[in-house]
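Novice: Okay, handing you the structure first.
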């Protein structure tokens with residue numbers, strides 16, 4: 001255990017030692033803007049130190065130290081042809097199971113436990129003007145990228161319901177409608193990753209095979225997603241329009257060995273206003289409705305998330321509230337609505353380093369959990 005912890009710390013230190021320049025807070029994880037560069041990359045590091053102040057069970061009131069970090073790399077290998085990957089050290093608080101590793105409480109403090117190193121995406125992309133086609137391993141686009149939400153823990157709730165690590169192919173087509181904004185359509189077909197990339201390093205989660213079953217695990221491209229996003233509107237009479245962006249999404253995941261196919265719909269609106277350099281506000285609303293959640297015939301679930309971020313350099317403030325509506329009359333243990341509130345204050349100690357302090361209260365699965373936490377966020381471009 002100590003050797004694994006040392007390896008994880010060493011990996012983080014190695015990333016921090018990289019020679020780099022500061023990344024913008026609003027880094028776009030779509031690498032199309034770098035398509036003409038021979039090599040490009042982005043590193044995002046989040047370190048969390050949490051204290052669980054109140055929990056449904058006493059053994060869950062512990063201290064936790066974990067990281068949620070990634071490194072994105074890409075290269076142009078020919079004219080219009082690029083290869084991109086996203087490597088992630090997927091650590092989370094106890095009680096969550098992102099990255100395929102279950103994180104449970106045993107009454108002891110947790111220091112960098114259960115941190116698989118995964119290949120979240122690996123794609124080959126061909127681009128020409130406003131059109132691009134891609135294949136490989138990726139996260140199908142439905143709602144907003146979880147990096148879009150401000151705050152210390154806001155990303156974790158959005159990541160809870162994203163569709164991730166699928167094998168397939170897709171295409172994107174963009175259109176510039178002048179004053180009516182720029183828009184992009186993204187369509188993909190996919191299935192669960194059953195290749196060697198489904199396993200992990202450091203903390204192994206095991207190789208996924210078709211025999212494991214589950215939603216979308218068919219090894220056929222019979223699951224699919226469609227999303228449409230837009231921004232850059234212009235109006236002489238209304239400044240609000242210029243500050244808005246949107247995304248609408250739909251996804252179908254084939255049942256496989258699950259009870260039923262899953263269908264999900266989403267609608268997201270972002271309002272961002274820059275008052276001056278270093279002073280801005282961001283307001284986000286996202287609604288995600290999931291029918292037959294995880295392939296369960298009698299379980300529907302929806303998420304409504306609202307998030308507000310204020311920046312007054314070097315200070316920042318963020319709050320996010322998520323309401324989880326569960327409709328599972330045949331499963332009493334899951335037929336409970338959830339309410340998650342997060343509040344945090346941040347301070348930029350350098351252009352690329354931010355320290356946050358926050359409070360989170362989660363009422364999920366009929367249990368209440370409250371925590372205070374410190375966070376360190378460091379990001380840069382390679």
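Here, each number is a calculation from the coordinates, and none is a lab measurement. In this text, all values refer to a predicted model and were calculated from it rather than measured experimentally. Here the Cβ is made from the backbone with ideal geometry for all residues, glycine too, and neighbour counts use every protein chain on show.
Novice: Apply 1/(1 + (r/R0)^6) to the Cβ-Cβ distance of residue 176 and residue 109, taking R0 = 51 Å, and write down the FRET efficiency to the nearest 0.05.
Specialist: On the way: r = 53 Å, r/R0 = 1.03.
FRET efficiency, residue 176 to residue 109: 0.45.
Novice: Further question on the same structure: Between residue 189 and residue 306, with labels modelled 7 Å along Cα→Cβ, what's the label distance in nm to one decimal, could you check?
Specialist: Taking the two extended label points, one gets 4.1 nm.
Novice: Determine, for 319, 195, the number of other Cβ atoms within 10 Å of each Cβ, and report the residues in order from fewest to most. Write down the numbers at each step before the final one.
Specialist: On the way: 319 19, 195 14.
Least crowded to most crowded, the residues run 195, 319.
Novice: Starting from the Cα of residue 382, step 7 Å along the direction of its Cβ; do the same at residue 236; then give the gap between the two resulting points in nm.
Specialist: Placing both labels 7 Å beyond Cα along the Cβ direction yields 4.8 nm.
Novice: What is the chain's relative contact order, in percent, from Cα pairs under 8 angstrom and six or more apart in sequence? Mind dumping the intermediate values first?
Specialist: Numbers: 1030 pairs, mean separation 56.4, N = 382.
That works out to 15 percent.
Novice: Could I ask something else about it? How many angstrom separate the Cα center of the stretch 278-311 from the Cα center of the stretch 247-271?
Specialist: Computed from Cα coordinates, the inter-centre distance equals 13 Å.
Novice: Moving on to the next point. Find the all-direction average of the projected area of the Cα convex hull for the stretch 298-382, expressing the result in square nanometres with one decimal place.
Specialist: Values: hull surface 28.8 nm².
The directionally averaged projection comes out at 7.2 nm².
Novice: Could I ask something else about it? Which value in nm describes the separation of the simple spin-label points at residue 77 and residue 317, placed 7 Å from the Cα toward the beta carbon?
Specialist: The modelled label-to-label distance comes out at 4.9 nm.
Novice: Could you give the length gained by full extension between residue 204 and residue 287, i.e. 0.36 nm per residue of separation minus their alpha carbon distance, to one decimal place?
Specialist: Values: separation 83, 0.36 × 83 = 29.88 nm, distance 3.34 nm.
So the extension gain works out to 26.5 nm.
Novice: Further question on the same structure: Fewest to most neighbouring Cβ within 10 Å: what's the order for 294, 109, 154? Mind showing how you got there, number by number?
Specialist: Working: 294 15, 109 12, 154 27.
Exposure proxy ranking, most exposed first: 109, 294, 154.
Novice: Another one. Going by how many other beta carbons lie within 10 Å of each one, how would you line up 153, 315, fewest first? Show your work: numbers first, answer last.
Specialist: Numbers: 153 27, 315 12.
Ascending number of Cβ neighbours within 10 Å: 315, 153.
Novice: Given a cut-off of 40 Å, what percent of all Cα-Cα pairs of the chain lie beyond it?
Specialist: Numbers: 8030 of 72771 pairs.
Percentage above 40 Å: 11.
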